[in-house]
Amino acid sequence: MSPAPPAGAAGAVLSAVAWPYANGPRHIGHVAGFGVPSDVFSRWARMAGHDVLMVSGTDEHGTPILVQAEAEGVAPQELVDRNNRLIVEDLHALGLSYDLFTRTTTRNHHAVVQELFTVVHRNGYLVEQTSLGAVSPSTGRTLPDRFIEGTCPICGYGAARGDQCDNCGNQLDPVDLIDPRSRIDGEVPRFVESQHFFLDLPALAESLGEWLAGREASGAWRPNVLKFSKNLLDDVRPRAMTRDIDWGIPVPLDGWRDLPTKRLYVWFDAVVGYLSASVEWARRTGDPEAWRRWWAADAPGGPARSCYFMGKDNITFHAQIWPAELLAHDGLGSRGGEPGRFGQLALPTEVVSSEFLTMEGGKFSSSRGVVIYVRDVLARYQPDALRYYIAAAGPENQDADFTWEQFRRRTNDELVSTWGNLVNRTASMIAKNVGSIPSAGSLTAEDEALLGVVRGAFDVVGGLISSHRQKAAVAEAMRVAGEANRYLSEQAPWALKKTDPERMRTVLHVAAQAVVDVNTLLSPFLPHSAQAVHEALGGTGVFQPMPSIVEVTDLDDPSFGYPILTGDYSAAPPWAPRPVVPGTPVGPPSPIFTKLDDAIVEEELARLAGG
């Protein structure tokens with residue numbers, strides 16, 4: 001478990017990572033949206049001196065879990081227990097550096113969610129209304145909004161969901177859809193009256209608008225995310241926050257808490273997870289109040305920078321529902337009110353949403369076998385090969401298509417031929433001709449030029465990562481690696497061994513310095529191989545710390561155990577050039593990256609075709 005930061009330390013950053021739904025292992029489309037981008041940012045922020053808290057967990061409530069559990073003939077808790085462990089293992093193998101990755105079925109999470117619901121209700125922003133809910137005619141089970149599709153009544157899009165239209169961005173109710181149908185079995189749903197609590201979004205619309213205007217003025221949001229979020233304000237209506245379901249968190253109000261088929265809406269519950277995971281992390285560190293550093297609106301020095309990472313299908317819940325819940329809790333809507341025992345909570349600083357990743361031209365679909373699971377990729381390929389592909393070619397600001405041919409090409413032409421080749425040839429020449437990192441003699445203009453390019457890249461690459469432009473950031477770091485390769489080819493140290501050995505040692509010193517610093521630049525993207533590069537140039541100790549899977553007991557229920565992801569990442573190097581030490585022994589290196597045979601493309605496509 002990562003320790004609490006020292007009192008008075010500066011630069012708090014909350015990395016709030018979307019909660020993967022516990023209905024199965026993750027495919028690469030999932031981690032392209034929430035996983036790799038959040039980890040690259042968090043690793044860089046720690047290296048840059050910020051106090052980072054990176055939290056998430058598995059989202060385990062809601063009707064889809066009930067549907068799947070019933071289909072498999074198991075209890076919902078058994079299903080989510082199994083999938084929680086699978087997801088923890090997937091994210092661990094990918095090297096995602098969570099301070100805490102937990103789950104929504106903990107007693108701590110239930111208590112934090114119920115506290116927020118109670119305060120929002122007390123402040124007057126949860127109103128009781130009769131509504132029409134969709135029910136499956138064959139099972140009698142309530143259908144969640146997202147499990148109903150039909151034609152949008154506003155723009156005519158034929159695959160609108162019951163909660164919103166992805167084409168025009170408008171909020172919808174299932175009953176609004178033209179020709180609604182269940183995504184589970186194609187049935188036409190039956191609509192019945194039911195009592196529920198609705199979040200009074202109209203009473204919060206002005207405050208939401210002011211918050212979004214502030215986000216627009218900051219210039220920090222991706223334009224597509226900001227535009228979508230502002231469009232949500234065009235049709236603000238109350239949103240149901242309870243459901244007719246028996247799997248979820250009980251409604252914490254008299255007359256409701258004992259009702260067996262009334263539970264909190266999974267999307268009220270899941271977004272509170274960012275706060276509840278922070279609280280759980282603090283409790284596990286032994287300082288139960290440590291979470292406030294990342295959440296208090298009146299924190300010394302101002303609120304922490306909070307960045308929420310997700311795919312674009314979750315923008316509504318992070319740019320409208322969650323900020324509305326926080327505003328309502330803080331009493332900052334038109335009805336006024338006072339915060340609860342958590343105090344005034346800070347709103348998100350940035351909603352960092354990626355677009356969709358398709359696969360070989362088609363949409364990911366586990367049910368149709370159009371899927372590549374993270375665990376399957378990592379069973380056959382290096383984790384940094386996948387991380388690099390996502391960083392360099394992922395859906396950062398537009399939809400992107402994963403192809404096995406492009407995966408092979410980027411691995412071979414960029415990781416192996418550019419970066420891996422630079423490391424290998426530098427370490428090999430040092431090992432063969434000197435045996436240790438040599439001292440430098442007088443530096444030439446060419447030497448100074450390369451070292452200047454490398455030093456200058458820290459500001460450029462760091463600035464790009466900070467502004468969530470990771471594709472440009474990794475491209476710049478690889479460009480610098482290419483410059484170092486060009487320098488070696490032009491200086492030809494192998495030809496200097498007999499004619500000018502002192503110059504050879506200087507060139508190898510400069511090359512070693514470039515490799516060490518480019519390794520730092522690339523390490524947020526490639527943390528696994530960064531360790532191997534560190535050791536190839538004679539480094540010792542941990543270079544980029546990795547997360548650990550730790551078995552824990554629920555803080556409030558000793559009978560309930562589960563795995564968490566956590567780690568101490570304080571050993572990560574600073575985001576700055578680090579002088580090499582002459583005399584450091586360097587032995588013959590092993591290849592850092594595995595070159596992929598052309599045959600893997602046909603093999604993977606055949607595997608995909610076979611389901």
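The values are calculated or read from the model by the stated rules, or taken from the named source; none is laboratory data. Computed from a predicted structure; not experimentally measured. Ideal geometry is used to build each Cβ from the backbone, glycine not excepted, and the neighbour counts take in all protein chains shown. The area values use the complete protein model at the heavy-atom level, side chains included, leaving out ligands, DNA and RNA. Shrake-Rupley method; radii C 1.70, N 1.55, O 1.52, S 1.80 Å.
Using a probe of 1.4 angstrom and keeping all protein chains present, the accessible surface of the range 463-559 works out to 38 square angstrom per residue. In the range 404-603, the portion of solvent-accessible area held by carbon and sulfur atoms comes to 52 percent [1.4 Å probe, whole percent, DNA, RNA and ligands not counted]. Look at the dipole of the range 404-603 built from charges on Cβ: of Ile600, Ala512, Pro563, the Cα furthest out on the positive end belongs to Ala512.
The accessible surface of the range 37-127, taken with every protein chain in place and a 1.4 Å probe, is 53 percent carbon and sulfur. Among Pro303, Pro383, Ile430, which residue has its Cα positioned farthest towards the positive end of the charge dipole of the chain, with +1 placed on the Cβ of Lys and Arg, -1 on the Cβ of Asp and Glu, and the dipole taken about the Cα centre? The residue sitting most towards the positive pole is Ile430. For the chain, adding -39500 (n - 2.57) for each run of n ≥ 4 DSSP H residues and dividing by the number of residues yields -12500 deg cm²/dmol at 222 nm. Computing semi-axes √(5λ) of the Cα gyration tensor in Å for the structure here picks out one of (i) 47, 26, 22; (ii) 50, 36, 26; (iii) 37, 28, 27, namely (i). Taking amide H positions as modeled 1.01 Å from N, with prolines and chain starts lacking one, the residues under 5 Å from Thr58 and 5 or more places away or on another chain are Thr102, Arg103, Thr104.
By the rule of a second cysteine Cβ within less than 4.7 angstrom, the chain holds isolated cysteines at Cys307. Helix 63-72 and the long axis of the chain differ in direction by around 80°, with both axes built from C-alpha atoms. Rolling a 1.4 Å probe across the protein heavy atoms gives the range 128-197 an accessible surface of 46 Å² per residue.
Spin-label model, Glu78 to Asp557: label points 7 Å out along the Cα-to-beta-carbon direction sit 1.7 nm apart. Spin-label model, Glu289 to Ala445: label points 7 Å out along the Cα-to-beta-carbon direction sit 6.2 nm apart. Surface composition of the range 128-197: carbon plus sulfur atoms contribute 47% of the solvent-accessible area (1.4 Å probe, protein chains only, all chains present). Calculated FRET efficiency, Ala475 to Leu233, Cβ-Cβ distance, R0 = 35 Å: about 0.50 to the nearest 0.05. May I ask you to derive the FRET efficiency for Asn224 and Asn167 from their Cβ-Cβ distance with R0 = 22 Å, giving the value to the nearest 0.05? That gives a FRET efficiency of 0.95. FRET efficiency for the Asn433 to Val550 pair, using the beta carbon distance and R₀ = 30 Å, is estimated at 0.10.
Per residue, the solvent-accessible area of the range 394-452 (1.4 Å probe, heavy atoms of protein chains only, all protein chains present) comes to 40 Å².
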